[in-house]
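*Asks:* Please read through the structure below; I'll follow up with questions.
The values are calculated or read from the model by the stated rules, or taken from the named source; none is laboratory data. Since this is a predicted model, take the numbers as computed values, not measurements. Don't worry about glycine lacking a Cβ; one is built from the backbone with ideal geometry, like all the others, and counts go over all protein chains shown. The protein model used for the area step is the full one, side chains on, heavy atoms only, and it has no ligands, DNA or RNA in it. Shrake-Rupley method; radii C 1.70, N 1.55, O 1.52, S 1.80 Å.
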Amino acid sequence: MITNAPVLIVLIPLATALLTPLISYLVPKLMRYLAPLALGTVTLLSGYNLYHVVNHGAWHYHFGGWTPPFGIEFVIDPLSATIAVVVGLVATLVIIFAKSYLPEERENLLKFSLFYVLFLLVATGIFGITLAGDIFTLYVFIEIASIAAYGLLAMGGYKAAVSSFRYVLIGTVGASFYLLAVAFIYANTGSLNMADLSTLLPPLLTDRTMIFAVAILVAGLGIKSALWPMHTWMPDVYTYGPPPAVAFIAGTMTKVFSYVLFRFLYFILGGPGNPVIDTVLFIIGILAAIAILYGSIMAIAQKDFRRMLAYSSVAQISYLPLAMAIGSPAALVGLILQLISHAMTKSLLYMTAGGIDWKTGNVNVTRFNGLYKIMPITCGVFLVAACSMIGLPPTSGFFAKWYLLTGSLSGHQLLFAIVLVISSLLNAIYFLRLLERFFFRTGIDDKIDIQIVRFSVRELPLSMLVPMITMAILIVIVGLGSGYLVDFALQYISPLILGGGGL
Amino acid sequence: MTIAFLASYVLFWLVAIMYCCGLFGMMQVKNLMRKLMAMNIMQTAIILFYLLLGYKPDAVTPILINGITNPVFYANPLPQALMLTAIVVNLSTTGVALTLLIIIARKYDTLEEDEVLRRMCE
């Protein structure tokens, strides 16, 4: 069984997703534990994968015994294995968190089970994206993740349906751009295998059709990963979607698409040095720099907590293309650290937003005065997440930004370094403003004017608090252990990058 | 000659025009249902594009006939196989989108985008 670990990572959530409606009908009590159990198993398996890959080198899993370029393969290297572990951790913690958020009544059982089905399908898609070694397989997993996400995000009510419909339209344009690029690449090289393409494609990049293919590929993945100015679907979707779903999708999905972009630009297309790729990197670097400033300023202007976090996501996701544009080894280590750190931090922030909404029925930041007295643990957890967002030690966000900054300075990219510093200041403005409301301000006449809609437990139920606290601890651990993490897993990435190509 | 010209040039332009029509329709049309239809046109154009890539005049289905192993006589099966998957993807995207449209139409009683957005803000 363990020799099939790569495919089990995708199969277990898929099979569980298909079984969940049946089990919810037969044994309703079991259903709550099935999805966390499946995702927990998957996390352990991807942990095993990481361990195996770090010790024995990249793992090529061939389907049905067909060897590439004719067969389909999953490629697991330290980079994809690390991301699979992070996605698994976030998914497991968020699905435990989701338990109390969903209705308890038996009549809602179907809806209840549908949430788990779609959640597991999104997880299936995202795991598939991280591991696929084939550009068309990648497309299929992109669509599995996206279609399930459209449904999942539409479960938040009528407004969510409208915003989700717009996401369907824009997301499909992104996916169709990607599919069109695959067609051009296939027509020019006759291959779909990533390792194969990494030798075939770079010499072809002088060709006009291939330049067009690269352009629409980057545009398609840019739409999917919400790169400015293609981010317009994101704020609405993240605001109206159901909080646990948003916590997972905001945490992992856009980041995984940035990772695919990274894979394409640095591994398949050969990385910097080629004039076409240099132009692409320059353009996405400029777009990312604008996105970082725009997203941070827009986040300051928002009153709705969730919308503020969505705009903050617009800014934070753009750190990844920015790091690609900088391109020095330290910046690329920063890219991976930022990916890991932001996946955990953003899902934790959305979990706190969901928790506050659950307890007080309020998402307006101007009415959070003195929340500390009602929800001390949630506010404490939020403090950790906010520190990570701003980039204060010892959280993971600090180390990610540290590597990005040293990378941009050593790469002589002063403009990007300035953008990074300004962005940190802007982040500090909108997070410290919230922290001030949480901890230091009170309402009129020193009375706390926060209403509570759920009295059943003192703060939040244990199934919400435990994932949040675990995530906060993980953020600090990743921060403190970032040096070890770089030595353990990421050092295998940078020589690969510097050598160019080679999956 | 004419068929070769058609296959190598004109058909690709027609598919490109079809794709742009779909994309333009999605941006320009205000009705949500029509937006969805434009999206389908765009997706179909991509399917046709793939099929054209695998098209070869006078080729037969890629099943071994009379022991002929020269690939020149057979059509390329890979684009067709890929497009079977893409058609399923299109179907499910359309299904999800139509479901969302039903929800929107029931709540807001219209599918005109401006009207829906106006009622959403109330």
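*Asks:* Which of the following residues is of a type in the set (A, V, I, L, M, F, W, C), open to solvent by less than 70 Å² (accessible area, probe 1.4 Å), outside any helix (DSSP H, G or I) and more than 9 Å from chain A (Cβ to nearest Cβ): B:Ile63, B:Ile68?
*Replies:* The match here is B:Ile68.
*Asks:* Something else: In the range B:79-95, what count of residues is obtained for those that are open to solvent by 30 Å² or more (accessible area, probe 1.4 Å) and either facing another protein chain (nearest Cβ under 8 Å) or not in a helix (DSSP H, G or I) (or both)?
*Replies:* 2
*Asks:* Any residue in the range A:111-126 that is over 24 Å from A:Met155 (Cα atoms) and assigned to a helix (DSSP H, G or I)?
*Replies:* No - not one qualifying residue is present in the range A:111-126.
*Asks:* Residues in the range A:130-146 that are within 9 Å of chain B (Cβ to nearest Cβ) and either open to solvent by less than 10 Å² (accessible area, probe 1.4 Å) or touching a residue at least 24 places away in the same chain (Cβ under 8 Å) (or both): how many?
*Replies:* Counting residues in the range A:130-146 that are within 9 Å of chain B (Cβ to nearest Cβ) and either open to solvent by less than 10 Å² (accessible area, probe 1.4 Å) or touching a residue at least 24 places away in the same chain (Cβ under 8 Å) (or both) gives 4.
*Asks:* Applying the selection to the range A:17-42, what residues are among the β-branched types (Val, Ile, Thr) and open to solvent by 20 Å² or more (accessible area, probe 1.4 Å)?
*Replies:* A:Ile23, A:Val27, A:Thr41 - these are the residues of the range A:17-42 that are among the β-branched types (Val, Ile, Thr) and open to solvent by 20 Å² or more (accessible area, probe 1.4 Å).
*Asks:* Checking A:Thr209 against (1) surrounded by fewer than 22 Cβ atoms within 10 Å (Cβ to Cβ); (2) more than 9 Å from chain B (Cβ to nearest Cβ); (3) out of contact with any Phe, Trp or Tyr (no Cβ under 8 Å at 6 or more places or on another chain), which single condition isn't satisfied?
*Replies:* Failing condition for A:Thr209: (3).
*Asks:* Restricting to helices (runs of 4 or more DSSP H) lying wholly in the range A:216-320: which have 2 or more residues that are free of Cβ contacts under 8 Å to residues at least 60 places away in the same chain?
*Replies:* It comes to A:275-301.
*Asks:* Now, a different point. Take B:Met33 and decide whether it is surrounded by 16 or more Cβ atoms within 10 Å (Cβ to Cβ) and in contact (Cβ under 8 Å) with a residue 12 or more places away in the chain.
*Replies:* Here the answer is no, as B:Met33 does not meet what is asked.
*Asks:* Return yes when B:Ile41 is surrounded by 12 or more Cβ atoms within 10 Å (Cβ to Cβ) and of a type in the set (Val, Ile, Thr) and no when it is not.
*Replies:* Yes, satisfied.
*Asks:* Please enumerate the residues belonging to the range A:152-171 that are facing chain B (nearest Cβ under 8 Å), under 19 Å from the mean Cα position of the chain (by Cα) and under 16 Å from B:Asn90 (Cβ atoms).
*Replies:* Scanning the range A:152-171 gives a single hit, A:Val168.
*Asks:* May I pose another question? Working only within the range A:434-444, note down all residues that are part of a helix (DSSP H, G or I), open to solvent by 30 Å² or more (accessible area, probe 1.4 Å) and free of Cβ contacts under 8 Å to residues at least 60 places away in the same chain.
*Replies:* A:Glu436, A:Ile444
*Asks:* Now a separate question. Being within 30 Å of A:Ser164 (Cα to Cα) and of a type in the set (S, T, N, Q) is the filter here; which residues of the range B:64-97 pass it?
*Replies:* Result: B:Thr85, B:Asn90, B:Ser92, B:Thr93, B:Thr94.
*Asks:* Kindly indicate which of A:Ser163, A:Ser176, A:Ser100 is under 16 Å from A:Trp233 (Cα atoms) and among the hydroxyl-bearing types (Ser, Thr, Tyr).
*Replies:* That would be A:Ser163, the only listed residue that is under 16 Å from A:Trp233 (Cα atoms) and among the hydroxyl-bearing types (Ser, Thr, Tyr).
*Asks:* Looking at the structure I just gave you, is A:Ala5 under 24 Å from the mean Cα position of the chain (by Cα), of a type in the set (Gly, Ala, Ser) and within 11 Å of A:Leu120 (Cα to Cα)?
*Replies:* no
*Asks:* Let me ask something else. Of the residues B:Leu82, B:Leu111, B:Leu100, which single one is touching a residue at least 60 places away in the same chain (Cβ under 8 Å) and under 24 Å from B:Ile41 (Cβ atoms)?
*Replies:* One residue alone meets the criteria, B:Leu111.
*Asks:* If I go through the range A:178-200 residue by residue, how many of them are surrounded by 23 or more Cβ atoms within 10 Å (Cβ to Cβ), more than 14 Å from every other protein chain (Cβ to nearest Cβ) and touching a Gly at 6+ places or on another chain (Cβ under 7 Å)?
*Replies:* So the count comes out to 1.
*Asks:* Name every residue in the range B:1-24 that is open to solvent by less than 50 Å² (accessible area, probe 1.4 Å) and under 14 Å from the mean Cα position of the chain (by Cα), in order of residue number.
*Replies:* B:Val15, B:Ala16, B:Tyr19, B:Gly22, B:Leu23
*Asks:* Just name the residue that is farthest from the other protein chains (Cβ to nearest Cβ) out of those in the range B:10-49 that are closer than 22 Å to B:Ala81 by Cβ and modelled with pLDDT under 90.
*Replies:* Result: B:Leu11.
*Asks:* Is it true that A:Gly295 is open to solvent by less than 20 Å² (accessible area, probe 1.4 Å) and either of a type in the set (Asp, Glu) or over 21 Å from A:Leu414 (Cβ atoms) (or both)?
*Replies:* yes
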